[in-house]
Amino acid sequence: MRPLLICLSLGQLTACSTEPGPPGVLIITLDTWRADHLSAELAPNLHKLATTGLQFHNAWTPIGLTTPAHASLFTGLLPPQHGLRGNNHHGYHLAETHQTLAEQVKAQGWATAAFVSSYPAGPEGGLHQGFETSSAPESGERPTAETVGLAQAWLGAQTGPWLLWAHVNDPHGPYAPDAADLAAAGGGDDDKARYRGEVHQADRLLGPLITEAQARGALIVITADHGEVHSEERCGWQHERSSSPVVLRVPLVIAGPGVPQGRRDGLVGLTDIAHTALTWAKLPPLPSAAQSLDLLAGEDPSRALWAAESGLCDPECTPGCNPTGFLGKDRVVYGAQGGLYVVRPGFGEYGERDLAPRLESYDLPLPPPGSPDGDQARALGYQDP
């Protein structure tokens, strides 16, 4: 709740009282932003915000693709549960039967708006369910400055409770930062330098929106849909075909009234964000709440986090990537290509005791006929023609 200071001056006397203002939640998603690019030098505004709240150093996305990752953020569901294994331009669309954070707060009388910078984050994938105001490019991407400007204008007009989602496409390629941002991020003329420049550029442009949300006493959540491979793998710069930690580990900062300060190292994921926001706002939970954590309540040291590997995982691109088997000692595939794996050290001890019951707890329907996963299931003999 944001405090409203009401003062009445009577001669030399001033009487003041504080009343709670309408609640607000700002969710900023940063496309392709690596977790290791949140320093004070590269992202001074985000870094400063992190010092006022919680910074999560072990946060993971369930998939390295924009549309399904955001679907998980807003529903609290994993890709095998909500059904999205690819971006909207590949035909994936979130079913209306899956309730979203925006739908939940809208039902409680909140104003809702989404301003996004790329087509994969747009309404065609069903991500804008529950957002009364929705703005996205019809194709490709649009500048961060334009998206942030629209978000600021909408926020400035709000007088009641609100939920605002702002998605920026920096530092997604192609990289073309302003010269001043490139210099401020350390300069250089290679892709890594330009990537850093776009990180600095996005941070600079987001600063005023963050300041406005702070002044309103909002809960602010900043994270990414996924990271990016910077030549750590044989295929060079990419994220779609990789299950690398630099792709699946994401930055996550939460700040606002009632949020403790400090660092958290426990396993958390994008699927925890909607539940956390609703708990903070004292609103009813989503149906997926049972598998989510309230990130403000503390850590769960016994937790195992599940992530869905991209269906585009390519063994020729990512060493050790095997769409039909093990990805490494800490990863277990569930399904043929898109799958689930544990992100936890010492998987060998953990798996035999706890893995089977967790797998059985995911009672997932077969994919619909005609879908990419449905065709694959039939080809493997798991579904009748």
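Kindly evaluate Q129 against the criterion of being assigned by TED's automatic domain parsing to the domain that holds L252 and over 30 Å from Q261 (Cβ atoms).
Taking the combined requirement at face value, the residue satisfies it.
Could you tell me which residue of segment 203-227 is farthest from the chain's Cα centre (by Cα), considering only residues that are assigned to a loop (DSSP other than H, G, I, E, B) and crowded, with 24+ Cβ neighbours inside 10 Å?
Per the criteria, the residue is A218.
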- prompt: Any residue in segment 167-175 that is of a type in the set (A, V, I, L, M, F, W, C) and either modelled with pLDDT of 85 or more or assigned to a strand (DSSP E or B) (or both)?
  reply: yes
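Which one is nearest to F56 (Cα to Cα) among residues in segment 294-313 that are modelled with pLDDT of 90 or more and surrounded by fewer than 22 Cβ atoms within 10 Å (Cβ to Cβ)?
L296
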statement: Wholly inside segment 66-159, helices (runs of 4 or more DSSP H) that include 3 or more residues that are closer than 23 Å to V25 by Cα are 66-75, 101-107, 144-156
query: Is it true that V247 is buried (at least 21 other Cβ atoms within 10 Å of the Cβ), among the aliphatic types (A, V, I, L, M) and at pLDDT below 85?
result: yes
statement: In segment 95-117, anything out of contact with any Phe, Trp or Tyr (no Cβ under 8 Å at 6 or more places or on another chain), more than 12 Å from L163 (Cα to Cα) and surrounded by 22 or more Cβ atoms within 10 Å (Cβ to Cβ) is listed as S117
- line: Pairing a residue in segment 143-163 that is more than 14 Å from A213 (Cβ to Cβ) with any residue that is surrounded by 16 or more Cβ atoms within 10 Å (Cβ to Cβ) and charged (D, E, K, R), where Cβ atoms lie under 9 Å and the two sit 6 or more apart in sequence or on different chains, gives P143/D170; T144/D170; T144/E198
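Filter segment 188-197 down to the residues that are over 13 Å from P44 (Cα atoms) and either touching a Phe, Trp or Tyr at 6+ places or on another chain (Cβ under 8 Å) or among the basic types (K, R) (or both), then identify the one that is surrounded by the most Cβ atoms within 10 Å (Cβ to Cβ).
Here the residue is Y195.
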field: Within segment 1-55, tally of residues that are modelled with pLDDT under 95, in a strand (DSSP E or B) and more than 16 Å from G217 (Cα to Cα)
entry: 9
query: Restricting the search to segment 134-187, which residues are surrounded by fewer than 15 Cβ atoms within 10 Å (Cβ to Cβ) and farther than 20 Å from A43 by Cα?
result: E138, S139, G140, A153, G156, A157, T159, G160
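The values are calculated or read from the model by the stated rules, or taken from the named source; none is laboratory data. In this text, all values refer to a predicted model and were calculated from it rather than measured experimentally. Heads up, the Cβs are rebuilt from the backbone with ideal geometry, glycines too, and the neighbour counts pull from every protein chain shown.
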